[in-house]
Every structure is written in C-alpha cells, then in structure tokens.
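The values are calculated or read from the model by the stated rules, or taken from the named source; none is laboratory data. Being a predicted model, the structure only gives us computed values, none of them experimental. A quick note on method: Cβ atoms are made from the backbone with ideal geometry, for glycine too, and the neighbour counts reach across all protein chains shown. Accessible surface areas use protein heavy atoms only, side chains included; no ligands, DNA or RNA. Shrake-Rupley method; radii C 1.70, N 1.55, O 1.52, S 1.80 Å.
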Amino acid sequence: TICVNPTPTASFTVNQNIGCAPLTVNTTNNSPAPSCGQNSYLWSVSYSSTAGCLPNTNGASFINGTNASSVNPQFLFSNPGIYTISLTTIAPAAACSSLVSTQQITVKGKPVVSINALAPTCANQSVNPSAAVTCYINTATTYLWSFPGGAPSSATTLNPGTIVYSTPGTYTITLSVTNECGTTTTSIPVTVNVTPSPVVPANIIVCADATVGPLSFTSVPGATFTWTNSNTSIGLGASGSSNPIPSFVATNATGVPITANINVTATLSGCSSSNIFTITVNPIPTVNVIPNQ
C-alpha cells in the first residue's frame, strides 16, 4: 500500500483580532487532514510597535500549556502593537510544507501620559500646565486634571488653561487620561514661592532744605529691595537698591509744592511685588517786606 498525501494547506481562524492589552487570542486550526498520518504544525508570531504606545516590545507568548507545535495554540499579547500570527502545516513522512497562513492581531493600549515639568512659580501668579498624551487618543478620550489648592481646582480638557495658587507651598498636579483601554494617571509637583510685599514709609511732606530719611523698608526674611524715584528735583536720585534709602536734603526750586512717587520693589526667589509712597517738598516761603509810607 502506497499513500500519497496532497500538498498540505495551512488555514486557521482566531476568536478575535483586535482588543486591548493584555489580549488573549484562541486559534482554530482548519488545515485539511492528510490522506494518511497526521500533519505537524509550526506557529510563530512577528511584532511591530504602535507609535506612541508603551511598552514598545514584543509581548506575545503561548499560554495554557500550548506551544509552537500545538494544533490549536492560545496566545497572550501583553503589550500594545501589531502582531502577525503565522502557521505552516507540514505533511507527515514526506515533510512537504504548506504556504504560510497569517492572521493580523491589533493590540491597543492605555494612554501614555507625561505632564511637562513646571518651573517654580509665585503666589498669586498663574501657571499653565500642559501634557503629552499618546496611544489611541481620539475624540472619545477624556481628561481629568486635579489642582488641589489651586483655582480652578480641576479641568476636563487636554489644555486646562491657567491655574493660580494663592498660598506658598508645594502642590501636586495630577492628570488622568481615559481611552477605550483604560485610564493612565500621572502626577508632578509644583513649587509656589512667597511673593514678598514691601512695607514702605507713610507719605512724607517736608519743606525744602529739610533732611529726609533714612527711609527703611520691611518684608519677609531674605527679600531684597530696589526703588525708583519719579521726580529727582526733590533732591533724591532716580533709583537705587539700598535699604534704607540714605538721608538726603529736600530741594524745591519752584514756588509750588512738588511730589515724587517712590516705587519700592521687594524680590525673593524670583518673586516680587511693589508698593509706593510719596514725598512732597513744599517751597520755602518768600517774605516780602513793605516799608511804612
């Protein structure tokens, strides 16, 4: 008796060819049986990463005791990507091989989220959080920002706009992004520094030739000061960084009062604010003596 088997044909189906990681795929081997003997099988999987998804490594494995020679193997795809399952059917004895049959499996992944780092900010100044979001992001993707201690305290768009922290401290910004495969949450810290407010002298009114000062300022510890003078004709320079402002002799070369605005700025850790006080210098009265007639 001589048995001549037909050239083998590889054929199989899968129970699903698209889904979210981790994805389990069952195969059904439909390769025709030989006239005599039993076929043998060779299964393999190739991998191509999906842009923007992580991890971007081959995550295919045989499960439930199956292997590359099983009739109907089962696969687990742990990582997102495009996988191609290949089957070669080999006839008995003569070892004739079929053409390769393939099925493509698309494995999607949860969002990949990265919040861009924020430089330290100042109390009552705004920050603009932003994030890079990839991996199967579409119009159905949802966003949830959380800004404890900030105003507003939350946002539901990718670009949340400006956030203001009124109290110094270290805060946590959190972003949760949800797509069809699940939710990814990430957080970053943001430092809010003190904004020093200068305490300046009360408004001053003097006569020409009077000595003014020294003029001192106070604020939070460690703050430095600068000041500007809007009217140098009162006898004070245009600007400086001394604290206190040294004493000076007030001048007024006019016949009417003159006023200068002294703008004082306090700075600490890149944060600053200003306050103003005024110095008004009255002219020295002119006495006209009229002799008796």
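Kindly list the number of the only condition in (1) out of contact with any strand residue (DSSP E or B) (no Cβ under 6 Å at 6 or more places or on another chain); (2) open to solvent by 60 Å² or more (accessible area, probe 1.4 Å); (3) not in a loop (DSSP other than H, G, I, E, B) that fails for residue 259.
Unmet for residue 259, out of (1) out of contact with any strand residue (DSSP E or B) (no Cβ under 6 Å at 6 or more places or on another chain); (2) open to solvent by 60 Å² or more (accessible area, probe 1.4 Å); (3) not in a loop (DSSP other than H, G, I, E, B): (1).
If you scan the stretch 2-43, which residues turn out to be open to solvent by 60 Å² or more (accessible area, probe 1.4 Å) and either among the small types (Gly, Ala, Ser) or touching an Asp or Glu at 6+ places or on another chain (Cβ under 7 Å) (or both)?
33, 35
Out of the stretch 69-82, which residues are open to solvent by less than 30 Å² (accessible area, probe 1.4 Å) and assigned to a loop (DSSP other than H, G, I, E, B)?
Across the stretch 69-82, the qualifying residues are 70, 73, 79, 80.
For the stretch 89-105: of the residues being touching a residue at least 40 places away in the same chain (Cβ under 8 Å) and not in a loop (DSSP other than H, G, I, E, B), which is most open to solvent (accessible area, probe 1.4 Å)?
Narrowing the stretch 89-105 to residues touching a residue at least 40 places away in the same chain (Cβ under 8 Å): 89-94, 96-101, 103-105.
Subset that is not in a loop (DSSP other than H, G, I, E, B): 89-90, 97, 101, 103-105.
Working: 89: 0, 90: 44, 97: 71, 101: 22, 103: 51, 104: 110, 105: 0 Å².
Only one residue fits best here, namely 104.
If a residue must be hydrophobic (A, V, I, L, M, F, W, C) and closer than 30 Å to residue 123 by Cα, how many such residues does the stretch 261-293 contain?
Filtering the stretch 261-293 down to residues hydrophobic (A, V, I, L, M, F, W, C) leaves 262, 264, 266, 268, 271, 276-277, 279, 281, 284, 287, 289-290.
Within this subset, residues satisfying the condition of being closer than 30 Å to residue 123 by Cα are 262, 264, 266, 268, 271, 276-277.
So the count comes out to 7.
For the stretch 39-57, give me each residue that is closer than 16 Å to residue 76 by Cα and either in contact with a helix residue (DSSP H, G or I) (Cβ under 8 Å, 6 or more places away or on another chain) or β-branched (Val, Ile, Thr) (or both).
45, 57
Do we find that residue 248 is in contact (Cβ under 8 Å) with a residue 40 or more places away in the chain and open to solvent by less than 30 Å² (accessible area, probe 1.4 Å) in this structure?
No.
Return the only residue of 129, 152 being open to solvent by 50 Å² or more (accessible area, probe 1.4 Å) and under 27 Å from residue 193 (Cα atoms).
152
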